[in-house]
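All remarks here apply to the structure that follows.
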Amino acid sequence: MWSILVALSIAIIVLAIALSKKKRLWRQVQVEGLTKVKQHTAGPIEVLGASSLLVEFTYDDRKYSCQTAFKQSLYDSFNAKEPTFIFIDPDNPSQCLDNAYEKSRYVKLWLLLTLLMIICIALS
């Protein structure tokens with residue numbers, strides 16, 4: 001049991017490091033619509049419980065939207081009728097750059113808690 005837990009934890013850590021090394025090429029797109037939303041039950045886990053933005057844009061002549069963490073500067077720029085841009089993943093246009101950074105915070109927290117659990121089990 002103990003060896004399975006250690007092996008699984010090591011595999012998760014190696015996978016997280018490998019995925020963090022993968023480089024993405026982000027594309028800049030102009031924001032066409034912006035809505036401030038507050039929700040508690042649906043959407044990406046990294047933005048639940050906090051204000052977020054639903055961003056509408058066009059990429060490769062198709063309309064897309066993504067939900068991202070609330071950024072006051074983005075919101076103010078769009079409301080001032082200034083050209084406003086965000087970065088998206090060209091392979092998955094509904095993935096915004098800000099969401100990728102938010103997810104990495106949760107992965108680090110999860111890995112830290114996993115390591116603490118392993119240490120506690122080893123000491124008991």
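No lab work stands behind these numbers, since they all come straight from the coordinates. These numbers come from a predicted model, not from an experiment. Because the Cβ atoms are built from the backbone with ideal geometry, glycine has one as well, and the counts that use them run over all protein chains shown.
Points to keep in mind about this one:
- Vicinal HN-Hα couplings computed from phi for the stretch 110-124 (Karplus, 6.51 cos²θ - 1.76 cosθ + 1.60; Hz; Gly/Pro x): 5, 5, 4, 5, 5, 5, 5, 5, 5, 5, 4, 5, 5, 7, 8
- Derived scalar couplings ³J(HN,Hα) [the stretch 82-95; Karplus, 6.51 cos²θ - 1.76 cosθ + 1.60; whole Hz; x for Gly, Pro]: 8, x, 10, 10, 10, 10, 10, 7, x, 7, 9, x, 7, 9
- Modelled this way, with points 7 Å down the Cα-to-C-beta line, the labels at D60 and S124 are 4.9 nm from one another.
- A simple packing score, the average count of other Cβ atoms within 10 Å per residue, orders the peptides 57-69, 84-96, 26-38 as 84-96, 57-69, 26-38, with the highest score first.
- Separation in nanometres of the label points that stand 7 Å from Cα toward Cβ, at L25 and L5: 4.5
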